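Notes for the one structure printed next.
The values are calculated or read from the model by the stated rules, or taken from the named source; none is laboratory data. Everything numeric here is computed off the predicted structure, so don't read it as measured data. Virtual Cβ from ideal backbone geometry, glycine too; neighbours counted across all protein chains shown. Just the protein is used for accessible areas: all its heavy atoms, side chains included, with ligands, DNA and RNA removed. Shrake-Rupley method; radii C 1.70, N 1.55, O 1.52, S 1.80 Å.
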Amino acid sequence: MQVTGSYTFDGLPSDVWAVLVDPDAVADCVPGCKSFKAMGSDKYRAIMAIGIASVKGQYEGTVSILDQRPGESFRLVLEGSGTPGFVRGEGVVNVVEKGGKTQVDVTGDAEVGGIIGRVGHRILGRASKLLIDEYFKCMRKKVASTRVGS
Amino acid sequence: MTTYTGQWMLRREDTPLLTGNGSFIEDMAPPGLLHATALRSVYAHALITRIDTTAALAMPGVVSVITSDDLEGSVGDLSTVGRPGMEWVEGANHPVLARGKVGYVGQLVAVVVAESLSIARDAVDLVRVDYEPLPVVMDITEAAKDGSPLVHEHIGTNLGASLRVAGGDLDAAFARADHVIDEHFEVPRLSPAPLEGRGAIAQYDPEQRTMTLWMTTQGGHHIKELLEETFNLPIEHFRVMAPDVGGGFGMKHHLYPEDASLCYLAYKLGRPVKWVEERMENMVASHARGFATHVQAAIDNEGHILGFRARQLADMGAYYIAGTLTPINVAARRMLGPYLIDAADIECVGVFTNLPPTGPFRGAGQPESTFCVERTMDIIAAKVGLDPVEVRRRNLVPPSALPYTTATGMRYDSGDFIAPMNRAIELADYDRWRDAQRMQRAENKGKLIGIGVATACKAAGGGGASFTSDARVVVTPQGKVKVYTEVSPHGQGIETVFSQIAADVLGITPADVQVLHGDSDMVFRGQGTFASRSLTVGGSATHVGATEARNVLAGVAAQKLGCAPEEVEFKDSKVYKRGTPGQSISFAEVAAAASATAQPGGEPGIEVTGTFVLEDNVFSSMAHIAVVEVDPDTGCIRFLRYVAVHDCGPMVNPMIVEGQVHGGIAQGLGEALGEVMAYTREGQPLTGSLMDYHLPLAEDMPEIIFETVNTVSPMNPLGVRGIGEAPTVAAPVAVANAVADALSSLGVRVPNIPLTPMRVWNAIHHAGS
Amino acid sequence: MIPAQFEYAAPSSLEEALSLLCKNKDDAKLLAGGHSLLPMMKLRLAQPGLLIDLGKVTGLSYVREKDGGLAIGAMTTYQTLEHDPLVASYFPVLAEAAGVVGDVQVRNRGTIGGASAHADPAADLPAVLIALEASFTATNGRRERSVPADRFFKDAFLTPLSETEILTEITVPALSKGSGAVYHKLPNLASRFAVVGVAAVVTLDGQGLCERVRIGVTGAGPNATRAKTAERYLEGKEPTEKNLAAAAQRATKGIELQADYHGSEEYREAMTRVFTQRALAEAVSRAG
Ligand SMILES: Cc1cc2nc3c(=O)[nH]c(=O)nc-3n(C[C@H](O)[C@H](O)[C@H](O)COP(=O)(O)OP(=O)(O)OC[C@H]3O[C@@H](n4cnc5c(N)ncnc54)[C@H](O)[C@@H]3O)c2cc1C
């Protein structure tokens, strides 16, 4: 499953980038995040409760923030599994300046398995889009608040 | 002297089934029953790094959780049935429980047993399995290429099995050809989807050292043999019994990991254990078809086929199960269909993929190959500018050439391959539809009319041991008859049909005949129901057994009637000397007298075992014609007419024949129009539930115009040719040919089946790109 | 197919149901026909701790006349909509659409309220309710509110209903004279849900021009929506084949096309146009 999205932030690419890779910000913004703990550098163990409509599930897994190129890009690797199934995804996040603002482009690929993939595939694209939108909406707030704070 | 044979008789099986009084595995509950649920792989290809069963085992009510470690030394991998002349690699037999690695989504990893099904189901969610994903290969063409990820590293190739059959001078044929047709055809991976999924109950008797497995199966004797090969425990006797079975279509002629697990658990726990499959499990348990074929046909300007070459890839999935090699064998050997083709070279290669294992499905290789040949016939017609019917007429084996042996070594015993086509053309109003098509094309608007023809032949019997059948016939002192058959019916109406056969031989009524089946202890050897063998082989054995019983009775009656045994007639439940029906004695009286002379021991009455051995497959032939309308704006297809004519030999029960034809066509249309087990690149099922896998619905079915031709085969005492699988052979390609014909007016090539609206629309709207 | 454990309550009044809902809001689910919720529970994708069955609540299943249109109780089944004489005389399109949902078993159990609250992006009725400009009445016991159809289906499985609200009634306003309405769908052949479904309501004026056009599209995007650009294009115009085609061409404007095994974005786009054109043509002929 291909996942893509573009999000515009107020602020400089370097500031936006710094927030995007900040584990505290990630922990706050991952939808339904219940716990987020570092396991060595760049890798975190997370528990998330994610759902859409009556379908809810708890996933346990890891989030890795790799190939960090400050102010430019990083690679995000995500793995989670729970009773409804599992998700494995990998994406590249690029941060570029555009007309005084910062544009964040996400492109990735995800595999969803288990029962959720079996019966839910027609809706997975939309569901992941909604979750990612929610994530970046939250990040936008983080960036805004750091700007106010600084 | 046939009174009941040939009659339209209601099925005696139906009343209990339709009134909810059937007895399926789900209805059975021996005392002390435990319930099993399955933990299955969610990955298509991965190493298992850890299995943690502690939490599940700690749950109250949970009795056992087994993984592959428990089976070590006691239960081997599932065996597969080889085929003469075929090569296949070792080391890919299906493990009962995944050993360190999984090869497809749905593979059995662990089994949880508990006091109730709900507890077992709750406990499955507590078993934790960690996986390390491996590269996945799920496309046969990719899998066959060098450098593809390997399903079995230790084997070193995905090319697991191959069969090559050839005959005649193919080089000469291509050298003198006016044209060469070069085409590629694909038949999708399908789910056989029987109405009742799989399921079994295992119970072990430690005193008798007997393992009893009640199972929804097509052949208990076959399962018994497979269990014997798999188990390495001091079990002396396996008994396999089939209660009512809700369809199988080939899918229930394997021993599955779940069945073997149940036997192991019953042995270990000393209590009966039951498992009944859910539909979502059935959808990924085992599949069929999944063929890609490259065809080259050498033809002359008159449309004659001079030579035929085919290279097929067959999707075997990740492991062999019992019948995995069957479709490969059938597809290659029976590629050439009902045609005179002097030279051929056919190779079929079985390929491993990270998908569920495969096996035969109604037709078992024949639909796979018929699809290629019948598409080719239409392409030849277009090439040489002839009507598709005319091309077939020129190539069909004429009755005068029968018996005929194909270049691949198949012997067609007898019959008339042209007669069904001639009749189908009449019934379809073929010429009128061609006129309608010409008008539609001239107007160049609206829906596109397409006409598709398929002619084919289909073997009945199977091969090897399945050519032999025993029927134990008991005549009770009361004059009732019991026929014990090794054939294992699961929807075919065998009880009705065999009772008609025995009744006619013995001059009694079908109501006097009981037909018993579904117990490997009942008849000492057997094979089951598959390969259209039930009537041709098992029905013939019933005929032989009933005839032998009659001979015994005739001897006894002759003394009473004061005539020679040859002069004794059996009719209307009476026995008399030929010519003097007025001075008869009742059948029951003869039965009672004969019983008095019978050996002590066994059942009361007389008992004989009739054995029938089919020398070689017997072939039926058929012609289907589909007329369709394609909506070019949406890609939707609608039937305007559907005709099927089958030469199945004489019919014992025409109603059952028609039922088989309707069901077979439904499955064939499903294959043509909707069914496909589609997967993502990662090997995750996309059509893994019936909300996405399009089984045909009643409203999808056209009205079927059906007739038979009835040439008598010399191969068996009934003269029959089999009907169970035949309709599924012709239907998919009749439809594909019709849609291809409709699209040809736009210069568009028909896409691969299933011809879903989107595929057809894409073909139309992306033609040329 | 065994769901995880849950508690079950079958209140007999709306007040009781609301108070149960309020007390258990994170963990409770309302049960209507169960034909969307129960499959999810059996697959353990949904594991509510409490099911509040609306089946025994009095006064939620009815069809009655209201202000020249109809008021329909949330627990009214498809089967009732299909056969009810009031529905047949006021909004035959609603009966037609109810008749093409799933199969008989689904129609016997499934409800207009359940289907609306569930907001499946491929469900049939939402397109029709949008084209008919229905509105949805919900209550949390303290406050009752009404939401128009084109703001009710917000996203895939998303409506404005809060966790403590119960949808009680769907009202469909009267159609003016000279109106024709129709629903056409391309079904997913396996499930019969809509790959694309289009409902069209066209009102012709005295001169035979399209006075008012309403188009509801389901299946194409993440939620059922109104095809406003197409509506506006056609309003005031003559319903010629050319105009209908041009309107249909605009039917996908603003829809974020979805893709699945049964329909790519491109196919859904094309089918939305084809079915819009056909629906408009049929609605016009029914209007005349
Ligand atoms: C085999 C099959 C085929 C189908 N085919 C189609 C089809 O072709 N077209 C189609 O449109 N649909 C189809 N459906 C879905 C069917 O229409 C459902 O019945 C319907 O979508 C949900 O209605 P329900 O009454 O069954 O709701 P339920 O399943 O009981 O509930 C659905 C959701 O709505 C909530 N809910 C229910 N009532 C209320 C209320 N009054 N207030 C607030 N929330 C409420 C529930 O809590 C739940 O979250 C199909 C379903 C099946 C099983």
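Here A:Gly117 clears all of (1) open to solvent by 30 Å² or more (accessible area, probe 1.4 Å); (2) within 18 Å of C:Ala259 (Cα to Cα); (3) not in a strand (DSSP E or B) except the condition numbered (1). Does region C:168-189 contain at least one residue that is under 23 Å from A:Ser54 (Cβ atoms), within 13 Å of the ligand (Cβ to nearest atom) and either at pLDDT below 95 or within 14 Å of chain A (Cβ to nearest Cβ) (or both)? Looking through region C:168-189, at least one residue is under 23 Å from A:Ser54 (Cβ atoms), within 13 Å of the ligand (Cβ to nearest atom) and either at pLDDT below 95 or within 14 Å of chain A (Cβ to nearest Cβ) (or both). When we screen C:Leu129, C:Leu125 for residues that are within 30 Å of C:Ser176 (Cβ to Cβ), near the ligand (Cβ under 9 Å from one of its atoms) and either aromatic (Phe, Trp, Tyr) or open to solvent by less than 30 Å² (accessible area, probe 1.4 Å) (or both), the only hit is C:Leu125.
For every residue, the table says whether it meets (1) assigned to a loop (DSSP other than H, G, I, E, B); (2) crowded, with 21+ Cβ neighbours inside 10 Å; (3) of a type in the set (Phe, Trp, Tyr).
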| residue | (1), (2), (3) |
| --- | --- |
| B:Gly582 | yes, no, no |
| B:Ala588 | no, no, no |
| B:Gln599 | yes, no, no |
| B:Phe612 | no, yes, yes |
| B:Glu615 | yes, no, no |
| B:His624 | no, yes, no |
| B:Val628 | no, yes, no |
| B:Gly635 | yes, yes, no |
| B:Arg641 | no, no, no |
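On the basis of being surrounded by fewer than 22 Cβ atoms within 10 Å (Cβ to Cβ), modelled with pLDDT of 95 or more and closer than 24 Å to B:Glu699 by Cβ, does C:Glu65 make the cut? It is false that C:Glu65 is surrounded by fewer than 22 Cβ atoms within 10 Å (Cβ to Cβ), modelled with pLDDT of 95 or more and closer than 24 Å to B:Glu699 by Cβ. So which residues in region B:533-579 are within 36 Å of the chain's Cα centre (by Cα) and open to solvent by less than 20 Å² (accessible area, probe 1.4 Å)? B:Arg533, B:Ser534, B:Thr536, B:Val537, B:Gly538, B:Gly539, B:Ser540, B:Ala541, B:Thr542, B:Gly545, B:Ala546, B:Ala549, listed by residue number.
Does any residue of region C:249-269 turn out to be over 23 Å from the mean Cα position of the chain (by Cα) and more than 30 Å from B:Leu673 (Cα to Cα)? For region C:249-269, residues over 23 Å from the mean Cα position of the chain (by Cα) and more than 30 Å from B:Leu673 (Cα to Cα): absent. Of the conditions (1) crowded, with 24+ Cβ neighbours inside 10 Å; (2) within 14 Å of chain C (Cβ to nearest Cβ), B:Asp700 fails just one. Which one is it? Of the numbered conditions (1) crowded, with 24+ Cβ neighbours inside 10 Å; (2) within 14 Å of chain C (Cβ to nearest Cβ), the odd one out for B:Asp700 is (1). A search for C-beta distances below 8 Å between a residue of region C:26-48 that is farther than 22 Å from B:Met280 by Cβ and in a loop (DSSP other than H, G, I, E, B) and any residue that is open to solvent by 60 Å² or more (accessible area, probe 1.4 Å) and more than 9 Å from the ligand (Cβ to nearest atom), counting only pairs 6+ apart in sequence or on different chains, returns C:Asp26/C:Glu163. Restricting attention to region C:205-214, and to residues there that are assigned to a strand (DSSP E or B) and open to solvent by 10 Å² or more (accessible area, probe 1.4 Å), which single residue is farthest from the ligand (Cβ to nearest atom)? Selected residue: C:Glu211. Of the listed requirements (1) of a type outside the set (Lys, Arg); (2) surrounded by fewer than 17 Cβ atoms within 10 Å (Cβ to Cβ); (3) in a helix (DSSP H, G or I), B:Leu746 misses just one: (3). Checking the structure you have, find out if any residue of region B:652-674 is assigned to a loop (DSSP other than H, G, I, E, B) and more than 14 Å from chain C (Cβ to nearest Cβ). Yes, region B:652-674 contains at least one residue that is assigned to a loop (DSSP other than H, G, I, E, B) and more than 14 Å from chain C (Cβ to nearest Cβ). Checked against (1) surrounded by fewer than 18 Cβ atoms within 10 Å (Cβ to Cβ); (2) more than 11 Å from the ligand (Cβ to nearest atom); (3) within 29 Å of A:His121 (Cα to Cα), C:Leu43 meets all criteria but (1). When C:Thr76 is tested against (1) hydroxyl-bearing (Ser, Thr, Tyr); (2) outside the structural domain of C:Asp124 (by TED's automatic domain parsing); (3) open to solvent by less than 40 Å² (accessible area, probe 1.4 Å), exactly one condition is not met: (2). All conditions but one from (1) more than 14 Å from chain A (Cβ to nearest Cβ); (2) touching a Lys or Arg at 6+ places or on another chain (Cβ under 7 Å) apply to B:Met677; the one that does not is (1).
Per-residue answers, yes or no, for (1) assigned to a strand (DSSP E or B); (2) within 14 Å of chain A (Cβ to nearest Cβ); (3) at pLDDT 95 or above; (4) crowded, with 24+ Cβ neighbours inside 10 Å:
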{"residue": "C:Gly216", "(1), (2), (3), (4)": "yes, no, yes, yes"}
{"residue": "C:Asn223", "(1), (2), (3), (4)": "no, yes, yes, yes"}
{"residue": "C:Thr229", "(1), (2), (3), (4)": "no, no, yes, no"}
{"residue": "C:Glu238", "(1), (2), (3), (4)": "no, no, yes, no"}
{"residue": "C:Ile255", "(1), (2), (3), (4)": "no, yes, yes, no"}
{"residue": "C:Arg268", "(1), (2), (3), (4)": "no, yes, yes, yes"}
{"residue": "C:Arg273", "(1), (2), (3), (4)": "no, no, yes, no"}
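If you check C:Asp84, C:Asp120 for being modelled with pLDDT of 95 or more, away from the ligand (no atom under 14 Å from the Cβ) and acidic (Asp, Glu), only one passes: C:Asp84.
Here C:Leu94 meets each of (1) over 23 Å from C:Lys177 (Cα atoms); (2) in contact with a helix residue (DSSP H, G or I) (Cβ under 9 Å, 6 or more places away or on another chain); (3) more than 9 Å from the ligand (Cβ to nearest atom); (4) more than 14 Å from every other protein chain (Cβ to nearest Cβ) with one exception, condition (1). Screening A:Arg45 against (1) away from chain C (no Cβ under 14 Å); (2) within 16 Å of the ligand (Cβ to nearest atom) leaves a single unmet condition, (2). Determine which member of the set C:Leu51, C:Leu60 is outside any loop (DSSP other than H, G, I, E, B), in contact with a strand residue (DSSP E or B) (Cβ under 7 Å, 6 or more places away or on another chain), within 9 Å of the ligand (Cβ to nearest atom) and touching a residue at least 12 places away in the same chain (Cβ under 8 Å). That would be C:Leu51, the only listed residue that is outside any loop (DSSP other than H, G, I, E, B), in contact with a strand residue (DSSP E or B) (Cβ under 7 Å, 6 or more places away or on another chain), within 9 Å of the ligand (Cβ to nearest atom) and touching a residue at least 12 places away in the same chain (Cβ under 8 Å).
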